[in-house]
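See below for the structure under consideration.
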Amino acid sequence: MKANVVLFWILGVFFAIVAVTYIVWSLAYYDGHLEWAGATALILSTALSLFLAFYLGKVHKSQGGELPEDRIDANIDDGDPELGHFSPWSWWPVTLAASASLIMLGLAIGFWLSVIGVAITVVALVGWVYEDYRGNFAR
């Protein structure tokens, strides 16, 4: 993460230099009128890079030092935390995505299709929540 912090600081300084250069060049080229689209985009890119660098720097300090992915001598297992339980061979996320797309399609075509999508969404959510309590993978 330390490498990311340094890269975002460098990127923020680069965007600041490019923004100042662009503004000066724009004022000289357009006879004192500023070209707002490019200037705004470069200033906001500078702000975003600096905000990310600051935030990642604070997170890195609060984690108490080097992470396993920052060390050269680290193994893959050093940075392998438990991410949670994921059901194998689950079709409920696909059903939920299809029902969400049906809702959006219903907003574009006709509201009656969204009502069907909401009904399928409820069934998909209940099925996904309770899939570990029935069938082959019950606990």
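Readers should treat all values here as calculations from the given coordinates under stated rules, not as data from a laboratory. On a predicted model such as this, the values are computed, not experimentally measured, just so you know. A quick note on method: Cβ atoms are made from the backbone with ideal geometry, for glycine too, and the neighbour counts reach across all protein chains shown.
Using DSSP to call loops (not H, G, I, E or B), can you name the chymotrypsin sites (Phe, Trp or Tyr not before Pro) in region 1-95 whose Cβ has at most 10 other Cβ atoms within 10 angstrom?
Sparse-neighbourhood loop chymotrypsin sites (Phe, Trp or Tyr not before Pro): TYR30, PHE86, TRP89.
Local charge sum around LEU7 (other residues, Cβ-Cβ under 15 Å, Lys/Arg +1, Asp/Glu -1)?
With Lys, Arg at +1 and Asp, Glu at -1, the neighbours total -1.
Identify, among LEU34, TRP92, PHE111, the residue whose Cα sits farthest towards the positive end of the charge dipole of the chain, taking +1 on the Cβ of Lys and Arg and -1 on the Cβ of Asp and Glu, with the dipole about the Cα centre.
Of the candidates, PHE111 comes out farthest on the positive side.
I'd like the FRET efficiency for ALA100 and ALA37, computed as 1/(1 + (r/R0)^6) with the beta carbon distance as r and R0 of 22 Å, rounded to 0.05.
With R0 = 22 Å, the Cβ-Cβ based efficiency is 0.05.
Based on the Cα atoms of region 1-61, what semi-axes does the equivalent ellipsoid have, where each is the square root of 5 times one gyration tensor eigenvalue, given in whole Å with the largest first?
30, 9, 6
When you have a sec, figure out the Kirkwood radius of region 60-111 from all distinct Cα pair distances and drop it here in Å to one decimal?
Answer for region 60-111: a Kirkwood hydrodynamic radius of 15.5 Å.
Run the Debye formula on the Cα coordinates of region 21-92, all scatterers equal and no solvent, and tell me log10 I(q)/I(0) at q = 0.13, 0.17, 0.24 1/Å.
The calculated log intensity ratios at q = 0.13, 0.17, 0.24 Å⁻¹ are -0.71, -0.82, -1.05.
How big is D for the chain, in µm² s⁻¹ as a whole number, if Stokes-Einstein is applied with the Kirkwood radius of its Cα pairs at 37 °C and 0.692 mPa s?
The calculation lands on 160 µm²/s.
ARG71: net charge of surrounding residues, Cβ under 11 Å, Lys/Arg +1, Asp/Glu -1, itself excluded?
That works out to -4.
Place a +1 charge on the Cβ of each Lys and Arg in the chain and a -1 charge on the Cβ of each Asp and Glu, then give the dipole magnitude about the Cα centre in debye, rounded to the nearest 20.
The calculated dipole for the chain is roughly 400 debye.
P(r) of region 92-137 in 10 Å steps, Cα pairs, percent per bin?
Going out from 0 Å in 10 Å bins, region 92-137 shows 32, 43, 18, 7 percent.
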